[in-house]
Structure formats: structure tokens, C-alpha cells
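These notes are about the structure you will find just below.
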Amino acid sequence: MIAWLKSWIVTICTAVVFITAVEMILPDNKMKSYGKFVMGLMLMVVIMTPIIKILNKNINIDEYINKAEKSFSAENNYKSSIENYKTKDEEDTKKQFKENLEATCTKILKEKFPDADYSASVEISEDEDSKVLAIKSISIGVKEKGIEKISKIQIGKNSERTTSTQNLNDSEKEKIKNFISNEINVSDKDINVYKL
């Protein structure tokens with residue numbers, strides 16, 4: 001340890017003597033200030049080298065340069081990753097908005113008109129400039145509670161499959177449309193009511 005400390009001090013003293021000699025030789029002009037700067041850097045390297053070796057015995061400058069290059073190239077990947085996350089986040093927001101609106105429509109219809117079951121399907125659009133979501137249309141499916149009537153069934157070669165397609169009467173449709181229009185603040189023209 002003492003031998004190492006002695007060699008370090010000798011190296012520093014040698015560097016100081018060399019730097020002083022070079023400064024004396026340099027002419028008094030702009031070159032001298034640049035020379036002092038370079039010599040000061042050299043002295044700092046001489047002083048810091050053993051300290052750096054103590055802290056990290058496996059210093060490899062090429063490794064540090066490669067890491068720096070990788071981090072700079074990773075910055076471009078980072079920017080593309082941010083764009084991907086932003087796009088995914090916007091899509092998730094739209095999906096969640098749509099699902100919440102559908103659940104809200106179903107819930108408030110069930111509370112207002114408890115004699116039927118409802119399903120809601122919402123189409124949304126986004127204004128590209130302001131990034132505001134708007135309701136494009138709402139489709140409400142109504143299924144009355146109770147026992148459904150069985151449709152006519154024919155058995156034989158020329159049998160056709162018929163379904164029960166009873167429609168809601170217009171007054172029920174208008175009640176549902178007006179209610180949703182007032183609650184959600186959507187034009188009743190954008191609301192479609194059908195029977196499930």
C-alpha cells in the first residue's frame with residue numbers, strides 16, 4: 001500500500017514539473033490559455049486515475065462508449081414505445097367509455113322501466129382535432145319479462161323456420177327514446193329501440 005501511494009505521489013509530482021515546464025515554454029498569447037487548460041486536464045487525469053482504479057478495477061472505456069451508443073439508439077425505440085402506449089391508452093379509453101355508457105343505459109332503463117330487460121349498444125366517434133369522444137348512436141334492445149309466445153312450427157319437407165318478431169309499439173319506443181335522450185343528452189334521432 002505504501003509503495004503504491006509513493007508511486008502515485010511521484011507520478012503527480014512528475015506531472016506537475018512537466019506541466020510547469022511546458023507553461024514556461026508557451027508564448028504569451030491565446031495558445032497559452034489553451035495549453036494551461038489541456039495541462040490542467042492532464043493533471044486531473046493523473047490524480048484521478050488511481051482513485052478510479054480503487055473504485056472500479058475493471059474499467060473499460062470501450063464498454064462505456066458502447067453503453068452510451070446503446071442508450072442513444074434506445075431513445076428512438078423509447079419514442080416509438082411511447083407512441084404505442086399512447087395509442088393503446090386511447091383505444092382502452094374509448095373502449096371503457098363505450099362499456100360504461102352501455103352499462104349506464106341498461107341500469108337507468110332498468111330503474112325507470114322495471115318490467116323488461118334491456119341491452120344497450122353504443123357507437124362512439126372521436127374528433128381528431130380536439131380528441132373529444134362523441135356518441136354516434138345508441139341501440140337499445142328490449143326484452144319483455146314473462147313467458148314468450150312460441151312461434152308456429154311446421155314439421156315436414158317444406159318446413160320453414162319462423163321466429164317471433166313482435167315489435168314494440170311506437171309509444172313504448174318513444175318513451176324509451178325520450179328517456180335516454182334526456183338522461184344521456186343525445187338526440188332521439190340517434191337512438192334506435194328494438195325488441196330482443
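Of note:
- Taking first residues from the stretch 81-105 that are more than 29 Å from Asn178 (Cβ to Cβ) and partners that are hydrophobic (A, V, I, L, M, F, W, C) and open to solvent by less than 70 Å² (accessible area, probe 1.4 Å), the Cβ contacts under 9 Å between residues at least 6 apart in sequence or on separate chains come to Thr93/Leu133.
- Considering residues of the stretch 154-192 that are modelled with pLDDT under 70 and β-branched (Val, Ile, Thr) only, the residue farthest from Thr104 (Cα to Cα): Thr162
- Qualifying positions in the stretch 106-122 - touching a residue at least 24 places away in the same chain (Cβ under 8 Å) and surrounded by fewer than 16 Cβ atoms within 10 Å (Cβ to Cβ): Lys112, Phe113, Asp115, Asp117, Ser119
- For the stretch 29-72, a residue qualifies if it is modelled with pLDDT under 80 and either touching a strand residue (DSSP E or B) at 6+ places or on another chain (Cβ under 7 Å) or not in a helix (DSSP H, G or I) (or both), and the qualifying residues are Asn56, Lys57, Asn58, Ile59, Asn60.
The values are calculated or read from the model by the stated rules, or taken from the named source; none is laboratory data. In this text, all values refer to a predicted model and were calculated from it rather than measured experimentally. Note: ideal-geometry Cβ built from the backbone for every residue, glycine included; neighbour counts use all protein chains shown. Ligands, DNA and RNA are stripped out before the accessible areas are found, and what is left, the full protein with its side chains, is counted by its heavy atoms. Shrake-Rupley method; radii C 1.70, N 1.55, O 1.52, S 1.80 Å.
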